[in-house]
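Asker: Here it is, the structure, as structure tokens.
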């Protein structure tokens, strides 16, 4: 090993697992070849980017992927989970999509390792780049995916399995985790606003639904219990907003109880769209809203790429500077966050939390004030008028 690995582990990672990963690294680095691998852009071979985690992780990659496509002219492929497959296939600058369902990233259903490995065997590419820096990804992609060059990060272990270990920017925003690949390919770092257009994000039209000309969209959902905000708090906020602006509520039925679903449906000046639309249909609604209120979720990142004004209730589970939505114009994203000792400033990394104080300490009054203060500004933003 030429230089010590600057690892990245969440505060709740067990000492046993950290020791195991470091042991594997010591063994594999001992046998690692020091050959210099270099991928030539002018070969125009396929570049495959791997993001096997969740919808928000994939959405955050899209501006950089578009820039990579334009700069290289290469065939650009994406390896994603089956849950992200449909939206990925409709992104215009992605040429091909591979499905790979990693069992260790699944939040709900059980996934077979045999099926996962069979999916990886179908990947055949020139350069394979994984953005996670995870020992498991590095190991399985090394052994089962077909590629000429395997590039990625060593921060979660398995760096010796890579042909090209790229420099990982700690505390950098997730949307820029592809930037070291640009540097590796002798390309400049992309400026997202120069490449990204709201209509790059696919959506499906909804027949028979009439939306108000201006409205606040409230999204109740997030992928982890530790990031949730009480639905009763949301209801208080919705009531306050609805006195002045129409409100459209979205999410899935699992986000709330039957009684809460009924209560929202009966509110004046409020439309309850929870559980009614597909992901791609829901995007078309987000595209029309004046302001988006939600949690740390894939939809908050979708709203950002649609140039929506956003008020975001953010938990202490991850680092806000790394995981907040992309800002494509000044003050686009307003973060409401409560700092607590147990977030360790890096984020605690928990998906479940018994007390959830980083969220429960955020009052409905604080959120309502932020929404009403910013919705007027959102009305004045030219890019809020996107067809």
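Asker: Any chance you could list the semi-axes, whole Å, largest first, of the equivalent ellipsoid that the Cα gyration tensor gives for the range 286-387, using √(5λ)?
Answerer: Values: eigenvalues 135, 42, 22 Å².
Ellipsoid semi-axes (Å, largest first): 26, 14, 10.
Asker: Can you give me the relative contact order of the range 15-200 as a percent, contacts being Cα pairs under 8 Å and 6 or more apart? Working shown, then result.
Answerer: Details: 319 pairs, mean separation 43.9, N = 186.
That works out to 24 percent.
Asker: So for the chain, what percent of the C-alpha to C-alpha distances run longer than 40 Å?
Answerer: Values: 12470 of 74691 pairs.
Percent of Cα pairs beyond 40 Å in the chain: 17.
Asker: R0 = 25 Å: FRET efficiency of residue 269 with residue 207, Cβ-based, nearest 0.05? Numbers along the way, then the final one.
Answerer: Values: r = 24 Å, r/R0 = 0.95.
With a Förster radius of 25 Å, E is 0.60.
Asker: Here's a follow-up. Taking 0.36 nm per intervening residue step and subtracting the Cα-Cα distance, what contour gain separates residue 16 from residue 146 on full extension?
Answerer: Working: separation 130, 0.36 × 130 = 46.80 nm, distance 3.20 nm.
So the extension gain works out to 43.6 nm.
Asker: As a test of the formula, what do you get for the chain when each DSSP H run with n ≥ 4 contributes -39,500 (n - 2.57) and the sum is divided by the residue count, at 222 nm and rounded to the nearest 500 deg cm²/dmol? It would help to have the intermediate numbers written out before the result.
Answerer: Details: 14 runs with 131 residues, N = 387.
Helix-only estimate at 222 nm: -9500 deg cm²/dmol.
Asker: At a Förster distance of 30 Å, what's the computed FRET efficiency of residue 379 paired with residue 104, Cβ-Cβ distance as r, to 0.05? Write out the running numbers ahead of the final one.
Answerer: Details: r = 44 Å, r/R0 = 1.47.
Working from the Cβ atoms, E equals 0.10.
Asker: What percent of all Cα-Cα pairs in the range 15-200 falls into each 10 Å bin, going from 0 up to the bin containing the maximum distance?
Answerer: Going from the shortest bin to the longest, the percentages are 9, 37, 39, 13, 1.
Asker: Moving on. Ranked highest first by average number of other Cβ atoms within 10 Å, how do 54-60, 332-338 line up? Walk me through the numbers before you get to the answer.
Answerer: Values: 54-60: 22.3, 332-338: 17.3.
Most protected by this proxy first, the peptides run 54-60, 332-338.
Asker: With label points built 7 Å along Cα→Cβ from the Cα atoms of residue 171 and residue 252, find their separation and express it in nm.
Answerer: In this crude label model, residue 171 to residue 252 measures out at 3.5 nm.
Asker: Fewest to most neighbouring Cβ within 10 Å: what's the order for 342, 289? Each step should come with its number before you reach the end.
Answerer: Details: 342 14, 289 27.
Least crowded to most crowded, the residues run 342, 289.
Asker: Oh, and also: Mind giving me the FRET efficiency for residue 9 and residue 363? R0 is 45 Å, r the Cβ-Cβ distance, nearest 0.05 is fine.
Answerer: Values: r = 33 Å, r/R0 = 0.73.
The value I calculate is 0.85.
Asker: Taking Cα atoms, how many degrees apart are the long axis of helix 15-30 and the longest axis of the chain, rounded to 10 and kept between 0 and 90?
Answerer: 40
Asker: How big is the range 136-282 along each principal axis, measuring the range of its Cα positions in Å and listing the largest first?
Answerer: Reported extents, whole Å, longest axis first: 59, 34, 30.
Asker: Hey, rough spin-label estimate for residue 276 and residue 71, points 7 angstrom out along Cα→Cβ, what's it come to in nanometres?
Answerer: Once both label points are built, they end up 4.3 nm from each other.
Asker: Taking just the alpha-carbon atoms of the range 216-380, what radius of gyration and Dmax come out, in angstrom?
Answerer: In order Rg, Dmax, the Cα atoms of the range 216-380 give 14.8, 41 Å.
Asker: How do 347-355, 294-302 rank on mean C-beta neighbours within 10 Å, highest first? The partial results should precede the final answer.
Answerer: Working: 347-355: 15.3, 294-302: 25.1.
Order by mean packing, descending: 294-302, 347-355.
Asker: Can you tell me which of 224-231, 192-199 comes out highest on packing, and rank the rest after it, using the mean Cβ neighbours within 10 Å?
Answerer: 224-231, 192-199
Asker: Another question, if that's okay. At 0.36 nm per residue, and after removing the present C-alpha to C-alpha distance, how many nm does the segment from residue 193 to residue 113 gain when stretched out fully?
Answerer: On the way: separation 80, 0.36 × 80 = 28.80 nm, distance 3.93 nm.
Once the chain is fully extended between residue 193 and residue 113, it gains 24.9 nm.
Every number in this text was worked out from the coordinates using simple rules, so none of it is lab data. Predicted model, so just to flag it, every value in this text is computed and none were measured. In this analysis, Cβ positions are derived from the backbone assuming ideal geometry, glycine residues included, and neighbour counts consider all displayed protein chains.
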